[in-house]
Amino acid sequence: MLVAEDDRRQAEVLRQCLRAAGHEVVVVHDGRAALAQARHQPPDLLVLDVMMPQLDGLEVCRALRCDSDLMVLMLTARTSEDDMLVGLEVGADDYLTKPYSPRELVARVRTLLRRKRGEPLTANEKLSVGVLTVDPGRRRVEHAGLPVECTPGEFAILATLAGRPERVFTRAQLLARTRGIERHSTERTIDVHVMNLRRKLEADPRRPALLVTVYGVGYKMTGGAM
């Protein structure tokens, strides 16, 4: 795992925290070193601070996305939703604002690595895609830190899509996830749920960037701007 953090004290905290969780860690302290190291010896995941010398984290992430699908967890002291969306637009897989707890950091790292390997998550782990968080254990949804009310069918669809971002699910597959929740669901019901979710989550429901239609197939969830 690669950590790019210019604050040396904070970098050491990150190193110790991640090592304690069983990860091998390489630390660099500026953006150019992060980019060079990631390209020379690609890590499983890059923990990337936004504010760094040489190149900032946004520039590093943007450059990596030209030739790499490396998992990136971005760290920043910026807390506005617009700032979060900028990070996601350049290709970050997840976004964590400072101050954060070591426990939250390790949980986010674990989730991203399991997502990369295609492994199922445990019931008490949260699913994070951009500024959207789905908590299957508590059946809660948050968008940019604010709670979002969902019907059981809507929640089942969100949890399915958030569990495998960028994977395309057919309407039939999503319908199977709602069986037992909504006895009389049809594939048309899935379209209605997605339409309602877009009204709750998208900046412009007519031009969705989170819940994306793959024409002739079904739907997928992306980490794009919302």
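The values are calculated or read from the model by the stated rules, or taken from the named source; none is laboratory data. Quick caveat, the model's predicted, so the values are computed rather than measured. All Cβ positions, even for glycine, are placed from backbone atoms using ideal geometry, and neighbour counts span all protein chains on display.
Within the range 140-148, the presence of at least one residue that is within 30 Å of Leu18 (Cα to Cα), out of contact with any Phe, Trp or Tyr (no Cβ under 8 Å at 6 or more places or on another chain), basic (Lys, Arg) and at pLDDT 85 or above is confirmed. Among the residues making up the range 35-57, those that are assigned to a helix (DSSP H, G or I) and under 19 Å from Leu112 (Cα atoms) are Ala38, Gly57.
Out of all the residues in the range 112-139, which are over 21 Å from Leu48 (Cα atoms) and modelled with pLDDT of 80 or more? Matches in the range 112-139: Val134, Asp135, Pro136, Arg138, Arg139. Counting only residues that are within 15 Å of Ser128 (Cβ to Cβ) and surrounded by 14 or more Cβ atoms within 10 Å (Cβ to Cβ), the range 140-156 holds 6 of them.
Closer than 23 Å to Ser128 by Cβ, acidic (Asp, Glu), modelled with pLDDT under 90 and loosely packed, with under 15 Cβ neighbours inside 10 Å - does that describe any residue in the range 189-204? Checked the range 189-204: no residue is closer than 23 Å to Ser128 by Cβ, acidic (Asp, Glu), modelled with pLDDT under 90 and loosely packed, with under 15 Cβ neighbours inside 10 Å.
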